[in-house]
Amino acid sequence: MKTAVIIIPTYNEADNIERLIKAIMQITDAITSWSFKIVVVDSKSPDKTADIVTSIRKTSPSVYLLETEKEGIGKAYSRGFVYALEKLKPDVLFEMDADFSHDPKSIPQFIKKLESGADFVIGSRYMKGGSIPKDWGIDRKIFSVLGNVIVRLGFMKLSITDWTGGYRAMRADLASQSIKHVDKYTGYVFQIALLDFAVKQHARIAEVPIKFTDRKYGVSKINSGHYIQNIFTYIFNNSSFVKYIMVGGVGFILDFGILYLLYRLAGWPIWLSQLCSAECAILSNFTLNNFWAFSHKREAGIHNFFKNLGKFHGVSMGSLIIQTASITAYEHFWGDTYVFLFKMGVIFLIIIPYSYVLYNRVIWKKKK
Ligand code: GDD
Ligand code: MN
């Protein structure tokens, strides 16, 4: 029989925790093919949440209490993961809020996804069938929707609809591998870091729709300003797409700068100047992408380096052909009035996605 451990972080959830544990047990008792345990990670709640859990433990041996300092929800989770992994031999770890925003009735759907091969299951508020509370203020709605859009675009991983939520289930070994990466994210951004790690490990990700309801008791501990700032910092440091765009910017400056130097200042012929500047940009783009933007997918060895350098030239040649063909056609049909604007359009709408997709599929491929 497989074991799932449900980890619930709490800070001042005295009005919720007992009812929630009962509600979870009612659902999980019906799933006879799995054994469930609950770990409450309480950060010294002044409202004595921990005392309530201690008294539940007297009659329910499958409930555990881990007491920690108040270091944020992320830290509570990583400590909860370590505790569960060391003590409870889990196959799967769940994350769940203590305030009934996450309905325990969804647990069987998570289990079903795990049983059909998923490594990481996300409870999604933004897929068909999921929802955020209607009674949330417009500011919280915008914040939540926008936050998710920013992360989806930032990672260019559009297939995942909910990056920030806290209702999830994952294979225990994946959680175990993630600790080193996620441990430093102490706040709500932890959820993004954990999912990003799973994606980069090529975990099989599945989503189930959830209807997120607002809490009736107690208050939210989220600090929106701080959170948004952490989201941007995280994406900036960890998104290969954002890094790829920056590498492209460096290449663009090199291309134009070197062309100017060689042609205007050194008086080289235009064809040679252009050839040299373009090649410098290609070499810079390749090196920075290889050792920085896509470094997590880089295969070691000098052989792979040159093989990929060759492929990179092929992809660059492709983008040269696309640009030359489209700009020539444009000029032929519509003249040259907006030709630079058109070139910018081609770069943003065709070249950037084209190169990004091919870099991922052909050069820095997923290791399987
Ligand atoms: N141990 C511990 N320590 N628990 C904490 C801490 C902490 O510092 N801060 C918050 N929690 C617990 C809360 O008691 C609750 O059980 C859960 O973490 C979620 O906290 P809320 O304060 O209720 O968060 P929310 O409802 O505003 O935020 C929701 O949306 C976020 C963004 O999408 C949650 O679903 C989050 O998990 C989610 O990341
Ligand atoms: Mn909440």
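The values are calculated or read from the model by the stated rules, or taken from the named source; none is laboratory data. Please read all numbers here as calculations on a predicted model, not as lab measurements. Here the Cβ positions follow ideal geometry from the backbone for every residue, glycine too, while neighbour counts run over all protein chains shown. SASA here: full protein model, heavy atoms, side chains in, ligands and nucleic acids out. Shrake-Rupley method; radii C 1.70, N 1.55, O 1.52, S 1.80 Å.
What to note about this one:
- Cα-based helix-to-principal-axis angle, 302-334 vs the chain, degrees rounded to 10: 70
- Over 29 Å between alpha carbons, listed pairs LYS184/LYS216; LYS2/LYS200; LYS58/LYS184; LYS134/LYS157; LYS75/LYS141: LYS184/LYS216; LYS58/LYS184
- The slack between LYS89 and ARG361, meaning 0.36 nm per residue of separation minus the straight C-alpha distance, is 94.2 nm.
- Over the chain, relative contact order from alpha-carbon pairs under 8 Å, at least 6 apart, %: 15
- Cα centroid of region 134-194 to Cα centroid of region 5-71, whole Å: 23
- Spin-label zone in region 286-326 - amide nitrogen under 12 Å from a point set 7 Å from the Cα of HIS332 along the C-beta vector: 325-326
- Spacing of the modelled spin labels on SER220 and LYS128, each 7 Å from Cα toward Cβ, amounts to 2.8 nm.
- Quotient of Cα Rg and 2.2 N^0.38 Å for region 313-356, N being how many residues it contains: 1.15
- Per residue, the accessible area of the chain comes to 52 Å² when a 1.4 Å probe rolls over the protein heavy atoms.
- Its Kirkwood hydrodynamic radius, worked out from the mean inverse distance over all distinct Cα pairs, puts the chain at 23.3 Å.
- Largest accessible area first, the residues MET1, MET127, MET170 order themselves as MET1, MET127, MET170 under a 1.4 Å probe with ligands, DNA and RNA left out.
- Computed lengthening from LYS200 to MET344, 0.36 nm per intervening residue step minus Cα-Cα distance: 48.7 nm
- For the chain, DSSP calls about 25 percent of its internal beta bridges antiparallel.
- Charges were assigned to the Cβ only: +1 to each Lys and Arg, -1 to each Asp and Glu. The resulting dipole of region 2-238 about its Cα centre is roughly 380 debye.
- Gyration tensor (alpha-carbon) shape descriptor, region 247-368, a/c threshold 1.5: oblate
- Restricting the calculation to Cα atoms, every distinct pair contributes to the Kirkwood radius of region 220-281, found to be 14.2 Å.
- Of all the options LEU93, LEU320, LEU283, the one that moves most in a Gaussian network model of the chain with Cα springs shorter than 10 angstrom is LEU320.
- Ranked by the mean number of other Cβ atoms within 10 Å of their residues, highest first, the peptides 333-339, 221-227 fall in the order 221-227, 333-339.
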